[in-house]
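Peer 1: Shown below is the structure under consideration.
Readers should treat all values here as calculations from the given coordinates under stated rules, not as data from a laboratory. What you see is a predicted model, and the numbers here were worked out from it, not measured in a lab. Using ideal geometry, Cβ is built from the backbone for each residue, glycine included, and neighbour counts are taken over all protein chains shown.
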Amino acid sequence: MYSIVLSDDVPFDAVEFARRLHQAGVQTRPLFLGMHEQPVFPRAGPACEQALSGDERLARRGLYLPSGLTLTREQVDAVSDAVHKVLS
């Protein structure tokens, strides 16, 4: 998997980044939520009650880009071009 995390100076979050990439024809997937934000774990008790700011930042500023053995060089270039265009 290939992920990208937006720097703090990018004026939008991962949801907006994904929306803009989707408009450019690039599918993405969100990064996983931190353990303390997983719906099942609050029932686990105090071990999962502590907020983890690093996890929260990754979940809100990052996403997965297309990857896989079947991606062609042209597809990789198209993803790269779209990322650069959205971020410029």
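Peer 1: How much length is gained on full extension from GLN27 to SER80, taking 0.36 nm per residue of separation minus their Cα-Cα distance?
Peer 2: Here the segment from GLN27 to SER80 would lengthen by 17.8 nm.
Peer 1: Return the FRET efficiency for the residue pair THR70, VAL10: r is the Cβ-Cβ distance, R0 is 25 Å, and the value is rounded to the nearest 0.05.
Peer 2: Plugging the Cβ-Cβ distance into 1/(1 + (r/R0)^6) gives 0.25.
Peer 1: Could you rank the peptides 12-24, 76-88 by their average count of other C-beta atoms within 10 Å per residue, with the highest value first?
Peer 2: Answer by packing, highest mean first, reads 12-24, 76-88.
Peer 1: So what's the net charge close to THR28: Lys and Arg +1, Asp and Glu -1, counting the other residues with Cβ under 12 Å from its Cβ? Each step should come with its number before you reach the end.
Peer 2: Details: positive: ARG19, ARG20, ARG29; negative: GLU16.
Combined, the nearby Lys, Arg, Asp and Glu give +2.
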